[in-house]
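Novice: Could you have a look at this structure, given as structure tokens, before my questions?
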Amino acid sequence: MTKKEKENLLINAWKLAGHIERSEKKGRSDEYLDGLYQAQKILLKNFDIDFIKIQVAKNRGLSYDKMKEYLKQN
């Protein structure tokens, strides 16, 4: 995977974490949210990226750049 492809993958994961957070607040069904979460978790695991850490960074209100630093540290 090229550096650009990994960057795009991280950007999409970051956006999905925000989508999941907004959907939870809107009261979307648990099945919908679980499906989104599981699909992303499986995809990112193949690329050695922990989606849970991305969600934690998003929930803490970190910017995308701060999230990348957080992923490097943890």
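The values are calculated or read from the model by the stated rules, or taken from the named source; none is laboratory data. Because the structure is a prediction, the values reported are computed rather than measured. No Cβ is skipped: glycine too gets one built from the backbone with ideal geometry, and neighbour counts run over all protein chains shown. With ligands, DNA and RNA removed, areas are computed over all heavy atoms of the protein, side chains included. Shrake-Rupley method; radii C 1.70, N 1.55, O 1.52, S 1.80 Å.
Novice: Taking into account only those residues within segment 42-74 that are touching a residue at least 12 places away in the same chain (Cβ under 8 Å) and of a type in the set (D, E, K, R), which is nearest to Ile11 (Cα to Cα)?
Specialist: Top of the filtered list is Lys68.
Novice: Residue by residue through segment 1-57, note down the ones that are basic (Lys, Arg) and over 21 Å from Glu69 (Cα atoms).
Specialist: So in segment 1-57, the residues basic (Lys, Arg) come out as 3-4, 6, 15, 22, 25-26, 28, 41, 45, 53.
Result: Arg22, Lys25, Lys26, Arg28.
Novice: Given Asp65, Asp48, which one is loosely packed, with under 11 Cβ neighbours inside 10 Å and at pLDDT below 85? Write out each step before concluding.
Specialist: Values: Asp65 fails: at pLDDT below 85.
The conditions single out Asp48.
Yes/no matrix, rows are residues, columns are (1) free of Cβ contacts under 8 Å to residues at least 40 places away in the same chain; (2) under 20 Å from Ala57 (Cβ atoms); (3) outside any helix (DSSP H, G or I); (4) open to solvent by less than 40 Å² (accessible area, probe 1.4 Å):
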residue	(1), (2), (3), (4)
Glu5	yes, no, no, no
Leu9	no, yes, no, yes
Leu16	yes, yes, no, yes
Glu24	yes, yes, no, no
Asp34	yes, no, no, no
Gln40	yes, yes, no, yes
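Novice: Could you list, in sequence order, all residues of segment 51-69 that are touching a helix residue (DSSP H, G or I) at 6+ places or on another chain (Cβ under 6 Å) and among the hydroxyl-bearing types (Ser, Thr, Tyr)?
Specialist: Tyr64
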